[in-house]
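Peer 1: Have a look at this one.
The values are calculated or read from the model by the stated rules, or taken from the named source; none is laboratory data. Since the model is a prediction, treat every value here as computed from it, not as a measurement. Counting neighbours? That spans all protein chains shown, and the Cβs are built from the backbone with ideal geometry, glycine included. Each accessible area value is taken on the protein alone, full model and side chains, heavy atoms only, with ligands, DNA and RNA left out. Shrake-Rupley method; radii C 1.70, N 1.55, O 1.52, S 1.80 Å.
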Amino acid sequence: MSVDKRVMLPTPGRLSVGRQLRANGIFVAVTAVILAGALVVPNFGTLDNFSAVIRSVSFIGIIAVGMTFVVIAGAMVDLSIPTAVAGAAILAIRLQDYGLPVAIGAALLIPTLLGVVNGFVCGVLRVNPVVGTLATTTVGGGLILIGTNGGEFSYGSSDAFYRFGTHYVFGLPISVWVMLAAFIVGHWLLAHTRYGAYVYATGSNYAAARASGVPVRLTVFIAFVLTSLLAAISGILIAAYSNLAAFKVADGYEFEVISAVLIGGASLLGGTGSMIRTLAGVIFAGVVTNILILFGAPFEAQLMVKGTIIIVAVALDIWLARRNSE
Amino acid sequence: MSSVSVTNTGAAALAPASSQAAVPAIEVIGATKRFGGTQALQDVDFRVMPGEIHALVGENGSGKTTLMRIIDGLLRPDEGTIRVLGAEIAPTALAARQHGIAMVHQELSLVPTLTVAENIALQAIPTRFGFLRQGEIERTARQALARVGCELAPDSLVERLSLAERQLVEIARVVQLNPAVMMLDEPTSSLSADEVERLFVVLRRLAASGTAIVYVSHRMDELYALCESATIIRDGRLVARVQLAQTPHDELVRLMVGQQLAERTGSDTIPGDVCLTVRGLTTERLNDVTLHVRSGEVVGLAGLVGSGRTELARAIFGLDPLRQGTVAVAGREFHARSPRDAIRVGVAYVPEDRGREGLARELSLKANLAMAALPELSPAGIVRRRLVDHSAKHFVAQLDIVPPEINRQVSTLSGGNQQKVAFGKWLATQPQLMILDEPTRGIDVGAKAAIREQILTLVKHGMAVLLISSELPELFDLADRLYVMKRGRIVGEFARSAFAEQAIMRLWSAHEAD
């Protein structure tokens, strides 16, 4: 009979197929959807479409950088994103009469305070982040409704602001450059600094990290503050691009951001994930949405596909993790 | 992967003459089990006759618990078969239950928020039309408790019970099932001498009615008092099956250990300055604890599980809040509100449960080895990869961690090598005092030897060590001095020259005057 080929293969390589897939599956998936799009979908490969896709993912992508810290630190998720984004957008538009520096300063600072509250509630008081940020986003939403007379739209008056928001630099929208910068800085923080090491340690085993002298509460606190800060930046860019702001401007953003991070392979249990994989997750989600739009799929169908993808991604991750641990 | 052939020739050869004709109550043939990179069991045969009280002995990490979990159906063996009274059964918990296999676990499996009676009834809750039959539950519980000679009220809440009482409830629960095979994993670790004697009476009575009993204990005198025969396993392999009456104590130990472990000799002791001083330390679980440890000295903490040894370590290290008292290291008093404060003054703590507080198992070896020393390895907040790698390689070599791959995920290492990582991560912080909580529990002989040697080397270089161990022989081998703890207090202190097993055990198990 023939030689058993399995014996010829090095054991570690064979054992780690699942692990490999878990770590790099997202890159395979991104390549696959892009190839599929280019081959089957009309207009997918055009420059205009490319530009539209990366602009649409950039607002989500900026926030996903912060959410990656929250998820890897084992703090589950931040559900207060719509409030932070809408708050920033509304402040940036409504306060333009006091001058752009005031408007942008307030739009950066005040939503970041939401992150400070999140960090205190979830990081220091150790309230479950799903409940904690759901509560803070509800409180924040109430404040926005008071400030906007029940959610009135507001339109920008500053030409400079609008020009900035629709500006292209080297052929790419300004928000895409901001996203790339956020990913580069985020990657550096996560992979090369003490804070990044603290984030992985805290998420991988909270008790062990604490017993090793890692300032676990502060680590989680900072992750929430970073996320809100980035949500505020994203909100300002959205306001500048559309020159209007509304209470519901970022409805559903929390889901899109969390999807991108989880599709990228970060685990809700904490301790695993990387900035590069989150970027791949952001691109994957954006391309899939784009293909659906190009095919003329109605919005309802898009929602159903997005929901399904996240279940598949998380279930696959759990399945591979369980297989690896056996 | 190569397959291991299953043979049962060994079992036949080892069968005692008296029971040749009879069918074993429980028989395991060629059990093999691997966890990740660890071979937990390798082709082990095991057999107990009906009515036989049989000791399963081996060091921590030898595979005893794995074998029992396989028999209990909690673990599926990679290879091997299980037979009950000659009939092969499926390797599942359900099949084990149906064939009358029952186990008293080392970690108690009672539900603390239920009553004693409810816990005893849990496996077969009597109901009528789906409603609980409260009277029936109580009656069963009362009978079961009476059988183990325990006078607890069936309606007391389990969370209010002492460890010893819980242990008795656990045993009553299993006895009540009239099992064909009953396995007990360290059932006496929290019992007093009286209670142990009563338990033995119950077990002998059960055996006389035909139950096969598998007994696991570290206490040699108990094995000789209770068991007829013993199976010895080491490093996951069957070493021998012996009749205890024909096997002297020394011989049994030699079979178990297989190699000589490093121990402290009088000449090693260098009297140093006092490193750790604890005065009047009081917490929720500790009462006015005062002790000291000198540099270059190993001080042991002996006592039963729950006596406050771990709580003392946690309080010193800032994991549990202090109510009263002071802690000082090298004359510097400090109040640790978190481990950070303790680490800063040079304290390291290797916790008892390495999976929970010792290691981030999903992360790499080097990430774990760097975790406690991140401030030193990341000057100005930026992690210097070269420093991290260099330090990791250094400690991997020093502790002989296998495989020596610093990027490997810690969860893929064997228990012993994981423990070396949990230990080694503190060396990078250059501590003055190491508190070691059961540092050799559940690891193989090789790792145990390596860690014991490390402890002795560190002490020789002036480290102060506070060593918590439930194994008196280990404390006797390593410690220069030891304190005995009971119910959150220090109840005795012994110098090395005065170490005496009997006296120490009397101290920790004696009933209080009240």
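Peer 1: Pull out a ≥ b ≥ c, the square roots of the eigenvalues of the alpha-carbon gyration tensor of the range A:218-321, then state rounded if a/c is under 1.5, prolate if not and a/b is larger than b/c, and oblate in the remaining case.
Peer 2: Working: a/c = 2.18, a/b = 1.06, b/c = 2.06.
Since a/c reaches 1.5 but b/c is at least a/b, the shape of the range A:218-321 is classed as oblate.
Peer 1: Sticking with this structure for a sec: At most 16 other C-beta atoms within 10 Å and a DSSP loop state: those are the exposed trypsin sites (Lys or Arg not before Pro) I care about. Give me the longest piece of chain A that has none.
Peer 2: A:1-125
Peer 1: Something else: Using DSSP to call loops (not H, G, I, E or B), can you name the trypsin sites (Lys or Arg not before Pro) in the range B:354-440 whose Cβ has at most 10 other Cβ atoms within 10 angstrom?
Peer 2: none
Peer 1: Any idea what the dipole of the range B:274-510 comes to, in debye rounded to 20, about its Cα centre with Lys/Arg Cβ at +1 and Asp/Glu Cβ at -1?
Peer 2: Dipole of the range B:274-510, to the nearest 20 debye: 460 debye.
Peer 1: Moving to a separate point now. Of all accessible surface on the range B:274-510 at a 1.4 Å probe, what whole percent is carbon and sulfur?
Peer 2: The nonpolar share, carbon plus sulfur, comes to 47 percent.
Peer 1: Something else: Which angle from 0 to 90°, rounded to the nearest 10, does the C-alpha axis of helix B:445-460 make with the longest principal axis of chain B?
Peer 2: Around 30 degrees separate the two axes.
Peer 1: Evaluate the Kirkwood expression for the hydrodynamic radius of the range B:334-405, namely the inverse of the mean inverse distance over all pairs of different C-alpha atoms, and round to one decimal in Å.
Peer 2: Numbers: mean 1/r = 0.0737 Å⁻¹.
Result for the range B:334-405, one decimal place: 13.6 Å.
Peer 1: Hey, any idea what the orientation-averaged projected area of the convex hull of the range A:45-90's Cα atoms comes to, in nm²? Don't skip to the end; give the middle numbers.
Peer 2: Working: hull surface 17.1 nm².
The orientation-averaged projected area of the Cα hull of the range A:45-90 comes to 4.3 nm².
Peer 1: How crowded by other chains is A:188-196, given as the mean number of beta carbons from other chains within 10 Å of each beta carbon? Could the numbers behind the result be given before it?
Peer 2: Details: counts 1, 1, 0, 2, 6, 5, 9, 5, 4.
Other-chain Cβ atoms within 10 Å of each residue's Cβ, averaged: 4.
Peer 1: Whole-Å semi-axes of chain A's equivalent ellipsoid, largest first, each the root of 5 times a Cα gyration tensor eigenvalue?
Peer 2: 35, 26, 16
Peer 1: Note down the Stokes-Einstein diffusion coefficient of the protein assembly as shown in µm²/s, whole number, using a Kirkwood radius over alpha carbon pairs, 10 °C, and 1.306 mPa s.
Peer 2: Answer from the Stokes-Einstein relation: 52 µm²/s.
Peer 1: Taking the mean number of other Cβ atoms within 10 Å as a proxy for protection, how do you rank A:186-193, B:172-179, A:147-154 from highest to lowest?
Peer 2: B:172-179, A:186-193, A:147-154
Peer 1: Measuring from the lowest to the highest alpha carbon on each principal axis, how far does the range B:109-256 reach, largest first, in angstroms?
Peer 2: For the range B:109-256, the Cα spread along each principal axis is 56, 29, 28 Å.
Peer 1: Right, next: Decide, for the range B:274-510, between rounded, prolate and oblate: order the square roots of the alpha carbon gyration tensor eigenvalues as a ≥ b ≥ c, take rounded if a/c falls under 1.5, and otherwise choose prolate if a/b is larger than b/c, else oblate.
Peer 2: Judged from the Cα gyration tensor, the range B:274-510 comes out prolate (a/c at least 1.5, a/b above b/c).
Peer 1: Inside 10 Å of the C-beta atoms of B:365-376, what's the mean count of C-beta atoms belonging to other chains? Please report the intermediate quantities before stating the final value.
Peer 2: On the way: counts 0, 0, 5, 5, 0, 3, 12, 7, 2, 8, 2, 0.
Partner Cβ neighbours, averaged per residue: 4.
Peer 1: What angle, in degrees between 0 and 90 and rounded to the nearest 10, separates the Cα long axis of helix B:163-175 from the longest principal axis of the Cα atoms of chain B?
Peer 2: Approximately 30 degrees, to the nearest ten.
Peer 1: On the Cα set of the range B:36-192, report Rg and Dmax in Å, please.
Peer 2: Looking at the range B:36-192, its Cα Rg and Dmax stand at 16.9, 51 Å.
Peer 1: Find, to one decimal place in angstroms, the Kirkwood hydrodynamic radius of the range A:189-240, where the mean of 1/r is taken over every pair of different Cα atoms and then inverted. Let's see the in-between values first.
Peer 2: Details: mean 1/r = 0.0832 Å⁻¹.
After inverting the pairwise mean of 1/r, the radius is 12.0 Å.
Peer 1: A further question follows. Give me the base-10 log of I(q)/I(0) for the range B:262-365 at each q in 0.15 Å⁻¹, Debye formula, one uniform scatterer per Cα, rounded to two decimals.
Peer 2: -0.71
Peer 1: Let me ask something else about it. What's log10 of I(q)/I(0) for chain B at q = 0.06, 0.08 Å⁻¹, Debye sum over Cα points only, no solvent?
Peer 2: Cα-only, vacuum Debye calculation for chain B: -0.31, -0.56.
Peer 1: Across bins of 10 angstrom width beginning at 0, how are the C-alpha pair distances of the range A:35-154 distributed, in whole percent?
Peer 2: Bin by bin from 0 Å, the calculated values are 12, 32, 28, 18, 9, 0.
Peer 1: Over the range B:429-514, what number does the Rg to Rh ratio reach, with both radii from the alpha-carbon atoms and Rh per Kirkwood?
Peer 2: Expressed as Rg/Rh, it is 1.00.
Peer 1: Sort B:277-288, B:303-314 by packing, meaning the average of other beta carbons within 10 Å per residue, with the highest value first.
Peer 2: Numbers: B:277-288: 16.8, B:303-314: 22.7.
My ranking of the peptides, most packed first, is B:303-314, B:277-288.
Peer 1: In percent, how large is the relative contact order of the range B:274-510, given Cα pairs closer than 8 Å and 6 or more residues apart?
Peer 2: It comes to 29 percent, rounded to a whole number.
Peer 1: Among A:213, A:190, A:283, flag the residue with its Cα farthest along the positive direction of the charge dipole of the range A:169-326, charges on Cβ as +1 for Lys/Arg and -1 for Asp/Glu.
Peer 2: A:213
Peer 1: Bin width 10 Å, alpha-carbon pairs only: give the P(r) of the range A:217-278 as whole percents, running from 0 to the bin holding the largest distance.
Peer 2: Taking every Cα pair in the range A:217-278, the percentages come to 18, 43, 30, 9.
Peer 1: Could you pull the Rg and Dmax for the range B:359-481, using just the Cα atoms, both in Å?
Peer 2: Rg, Dmax (Cα atoms, Å): 14.5, 46.
Peer 1: A further question follows. Just to check, using Stokes-Einstein with a Kirkwood Rh over alpha carbon pairs, what's the diffusion coefficient of the range B:126-201 at 25 °C and 0.890 mPa s in µm²/s?
Peer 2: Stokes-Einstein gives a translational diffusion coefficient of 183 µm²/s.
Peer 1: Sort the range B:178-310 into rounded, prolate or oblate with this rule: let a ≥ b ≥ c be the square roots of the eigenvalues of the Cα gyration tensor; rounded if a/c is under 1.5, and if a/c is not under 1.5, prolate when a/b is larger than b/c, oblate otherwise.
Peer 2: oblate
Peer 1: If you don't mind, another one. Could you work out the helix-only [θ] at 222 nm for chain B, with each DSSP H run of four or more residues adding -39,500 (n - 2.57) and the total divided by the number of residues, to the nearest 500 deg cm²/dmol? Could you put the intermediate results ahead of the total?
Peer 2: Details: 18 runs with 167 residues, N = 514.
Helix contribution divided over all residues of chain B: -9500 deg cm²/dmol.
Peer 1: A further question on this structure: May I ask what percent, to the nearest 5, of DSSP beta bridges between residues of the range B:274-510 are antiparallel?
Peer 2: That works out to approximately 55 percent antiparallel.
Peer 1: Restricting everything to alpha-carbon atoms, can you work out Rg to Rh for the range A:179-267 with a Kirkwood hydrodynamic radius?
Peer 2: On the way: Rg = 15.7 Å, Rh = 15.0 Å.
Ratio value, two decimals: 1.05.
Peer 1: Quick one: plug the Kirkwood hydrodynamic radius of the range A:116-209 (C-alpha pairs) into Stokes-Einstein at 25 °C, 0.890 mPa s, and report D in µm²/s.
Peer 2: My calculation gives 142 µm²/s for D.
Peer 1: Under 26 Å Cα to Cα from residue B:420, which lysines show up? Leave out anything in the same chain fewer than 8 places away.
Peer 2: Qualifying lysines at Cα under 26 Å: B:33, B:64, B:366, B:393, B:448, B:460.
Peer 1: Over the protein assembly as shown, give the accessible area per residue in Å² for a 1.4 Å probe, as an integer. Display every interim value, and only then the final one.
Peer 2: On the way: 37310 Å² over 840 residues.
Spelled out: the 1.4 Å probe surface of the protein assembly as shown, per residue, equals 44 Å².
Peer 1: What are the chymotrypsin sites (Phe, Trp or Tyr not before Pro) within the range A:243-299 that DSSP puts in a loop, where the Cβ has at most 13 other Cβ atoms within 10 Å?
Peer 2: Details: sites: A:247, A:253, A:255, A:284, A:295, A:299; in loops: A:247, A:295.
In loop regions of the range A:243-299 (DSSP not H, G, I, E or B), the sparsely surrounded chymotrypsin sites (Phe, Trp or Tyr not before Pro) are A:295.
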